[in-house]
1. Evaluate the distance, in nm, between pseudo-label points positioned 7 Å from the Cα of S15 and of K344 along their respective Cα→Cβ axes.
2. I want to check the label-to-label distance for E173 and V321. Put each point 7 Å from Cα in the C-beta direction and report it in nm to one decimal.
3. Expressed in nm to one decimal, what extension gain is obtained for the pair T193 and Q307 from 0.36 nm per residue of sequence separation less their Cα-Cα distance?
4. Once fully extended, how much extra length lies between K357 and T66, figured as 0.36 nm per residue of separation less the alpha-carbon to alpha-carbon distance?
5. How many nm separate the modelled label positions at E245 and I381, each set 7 Å beyond the Cα in the direction of the Cβ?
6. Applying 1/(1 + (r/R0)^6) with R0 = 30 Å to the Cβ-Cβ distance of D227 and K292, what FRET efficiency is obtained, to the nearest 0.05?
7. Return the FRET efficiency for the residue pair N423, E235: r is the Cβ-Cβ distance, R0 is 35 Å, and the value is rounded to the nearest 0.05.
8. What FRET efficiency would be calculated for the residue pair S431, M73, taking the C-beta separation as r and a Förster radius of 56 Å, to the nearest 0.05?
Amino acid sequence: LPTVAIIGRPNVGKSTLFNRLVGKKLALVDDTPGVTRDRREGQGRLFDLEFTIVDTAGYEDEDPDTLPGRMRMQTEAAIAGAQVALFLIDGRVGVTPLDEEIARWLRGSATPVVLAVNKAEGKQGDNGILESYALGFGDPIAISGEHGEGMADLFQALLPHIDGGAFEVQDPEAPDAILKLAIVGRPNAGKSTLINKLLGENRLITGPEAGITRDSISIDWIWTDPDPKQGEPDEEGNIPPLLTERRVRLIDTAGMRKRAKVQDKLEKLSVADARHAIDFAEVVVLLLDATKGLEVQDLKIADHVIQEGRALIIAINKWDVAENASSLFNGIRGALEEGLSQLKGVPLIAVSAMTGKGLDPLLSAAFDAREAWNKRVPTGILNRWFEAAVAANPPPAPGGKRIKLRYMTQARNRPPTFVIFGNRTDELPASYARYLLNGIRRDLDFGAVPVRINFRSSK
Ligand code: GDP
């Protein structure tokens, strides 16, 4: 098995992550004394990836004077045989001098490094995430070893280093990269019918057996875009070819429909089942039933998709039997926005899984959403927009003193996440943050992709 070494200073949460990845097999942990006294080894698993995991725990109680020296030896021993070093920092604490030192050792080694910012549940790790860019390992993965958050992102980051065969490795931001799409919704919304229609009318790249993992099934196929867009010319004026044959990986949860036959606890199951598919997806289609309208359960699923930072599209199915179509459509649009303010502007598409109506626009919207989700806005453009937005509607002045907002940058994409620097940003009302958020989505063409803003004060 390939080996992943967890590297990090004491207390960043290496053991917790180790235990999570090793799961029940904790008993297999190797505590052999000697050179490996400070190392633990176990069989790790992340979704369907299996690997040996090495944890450099054991020096948590060391004398601080000799700590760096001993750590260095342990770190070097651990990464020597590893395919990838999983470098952990504590998102709440931020980057410490010891973290910087470890980063230097890691940069000097040939082992590839995946940087993860731990304890990042909620927004708690935001500072650490920003600071961690300075370590020079590119985009950090925000995780919570304790709460299990960010595991799908961790999977994506580790995948190219520890598994070359089971999945295709590709640049996920390339426009021709396969679109990872999940279709979720309450039982009987028509998910199976939709999936069957899509797969029936399009060319499969792999059979339905190909992507089966323990908890989910994925099917790769090709959607032929009947109305392809012309790409933007690049710096040299070359216009990229029209993408007409577009690859899609449909992610489905194994057993979803089988379990849905169980009549009780249906409501609970549909959200739990959707979760797993959402983890693997870039874009999620939430399927509503035109004959049923919008229900609380639908909003719960939509909220979860946004919380997880996936791009969301809402499709109203069974449009072939919908009555009063236009008032139904507007009614659902209104109820969505009223139910969840983030759903303002979410693509809403009427479809019929039965007849196939609306399916091409649905796929087209899904690719657009992925593009926005991947997008990075240059800092110059961002700040031109930002200055205008702040000038048009200046932040409030609690206590007679105006809150200053200075500049803005995009910290990451997938989902787009922005940082705004200023002072006393903690006093900024939520309505002002919403004003900026809506402006970004509207003016910078993010559509309904969930956009995040973090504010940072200079003092
Ligand atoms: P799932 O539980 O979400 O997978 O739902 P199914 O795909 O099993 O569909 C539930 C029911 O809705 C079935 O009786 C389908 O025939 C019906 N159905 C699905 N899509 C459509 C549609 O576009 N139009 C109509 N009229 N019926 C549909």
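We did not get these values from a lab; they are worked out from the coordinates using the rules stated. No experiment lies behind these values; they were computed from the predicted model shown. FYI the Cβ positions are ideal-geometry reconstructions off the backbone, even for glycines, and counts take in every protein chain you see.
1. 4.8
2. Output for this residue pair reads 4.6 nm.
3. Stretched out fully, the T193 to Q307 stretch lengthens by 38.3 nm.
4. Gain on stretching K357 to T66: 97.9 nm.
5. Going from the E245 label point to the I381 one covers 3.0 nm.
6. Details: r = 31 Å, r/R0 = 1.02.
With R0 = 30 Å, the Cβ-Cβ based efficiency is 0.45.
7. The value I calculate is 0.40.
8. After rounding, the FRET efficiency stands at 0.55.
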